[in-house]
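We did not get these values from a lab; they are worked out from the coordinates using the rules stated. Since the structure is predicted, the reported quantities are computational estimates derived from the model, not experimental observations. Neighbour counts run over all protein chains shown; Cβ positions are idealised from the backbone, glycine included.
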């Protein structure tokens, strides 16, 4: 009986961890604090979310709950998989293939790719990458626009951005950093050194 109860509890926790929107009770269980504390944080603006139309019920998006847990030193192991989510955005097929090969050989990463700024915007909303490796010169927009879009999204507040480019003009590099990039890497780059920077930025 005890084993059955344990398996049932583990199954419920796994199902809960896969959700994208949480009730205040579910959030309280994941944070291991009281539901009233969660409600107070919600009502005081420390924990963002929305109310169900026509009711008093509060709902909390996954990324917002993770942000709250991080800021309050609450372990996020249940919500965050061990793999780090990385999005590579580049219109050069050879570079995309290079990153696919390198990341595929390391099971610590979950890799997605995009070839345009538009696709990058869609993917960041859906995938919520923890790291974005971004080509500056894209066929539709430049990397600055993507950086600014990411930085305006509070759910992507912890996303790290590496911009890669053949640009050598210091003013353009400064503009990338001002737009929200964390690091600039010049093309052609050494893949081993770049991967070292990736693991450093993701605290791996």
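Would you mind computing, in nm to one decimal, how far apart the modelled labels at residue 83 and residue 105 are, each placed 7 Å from Cα along Cα→Cβ?
In this crude label model, residue 83 to residue 105 measures out at 1.9 nm.
Give me the mean projected area, in nm² to one decimal, of the convex hull enclosing the Cα positions of the range 14-56.
Reported value for the Cα convex hull: 3.3 nm².
Helix 170-179 versus the longest principal axis of the chain: what angle, 0 to 90°, nearest 10, using Cα atoms?
Here the helix axis deviates by roughly 10 degrees.
List the relative contact order of the range 84-201 as a percent without decimals, with contacts defined as Cα pairs under 8 Å and 6+ residues apart.
22
Once you have the Cα-Cα distance between residue 20 and residue 70, take 0.36 nm times their residue separation minus that, and quote the gain in nm to one decimal.
16.3 nm
Hey, rough spin-label estimate for residue 141 and residue 57, points 7 angstrom out along Cα→Cβ, what's it come to in nanometres?
3.5
From the convex hull of the Cα coordinates of the range 87-142, what is the mean projected area in square nanometres?
Taking the Cα atoms of the range 87-142, their convex hull projects to 3.6 nm² on average.
Looking at the square roots a ≥ b ≥ c of the eigenvalues of the Cα gyration tensor of the chain, which shape do they give, rounded for a/c under 1.5, prolate if a/b is larger than b/c, or oblate?
prolate
Could you list, bin by bin from short to long, the percent of Cα-Cα pairs of the range 84-201 in 10 Å steps?
14, 52, 32, 2
For a label point 7 angstrom out from the Cα of residue 187 toward its Cβ, which stretches of the range 145-161 have the backbone nitrogen within less than 17 Å?
Inside the label zone: 145-147.
May I ask for the angle, rounded to the nearest 10°, between helix 62-71 and the longest principal axis of the chain, with both axes built from Cα atoms and the value confined to 0 to 90°?
The helix 62-71 is inclined about 90 degrees to the chain.
For the range 60-119 and the range 140-166, what is the centre-to-centre distance using only Cα atoms, to the nearest Å?
With the range 60-119 and the range 140-166 each reduced to a Cα centre, they are spaced 14 Å.
So what is the 222 nm mean residue ellipticity for the chain from helices alone, if each DSSP H run of at least 4 adds -39500 (n - 2.57) and you divide by all residues, rounding to the nearest 500 deg cm²/dmol?
Mean residue ellipticity, 222 nm, calculated: -14500 deg cm²/dmol.
Neighbouring Cβ atoms within 10 Å as the yardstick, rank 145, 122 fewest first.
With the sparsest Cβ surroundings first, the list reads 122, 145.
Enter the angle in degrees (range 0 to 90, nearest 10) between the Cα long axis of helix 117-127 and the first principal axis of the Cα atoms of the chain, meaning the one along which they spread out most.
30
Taking a ≥ b ≥ c as the square roots of the Cα gyration tensor eigenvalues, with a/c under 1.5 meaning rounded and otherwise prolate when a/b beats b/c, else oblate, which class fits the range 126-191?
It comes out prolate by the Cα gyration axes.
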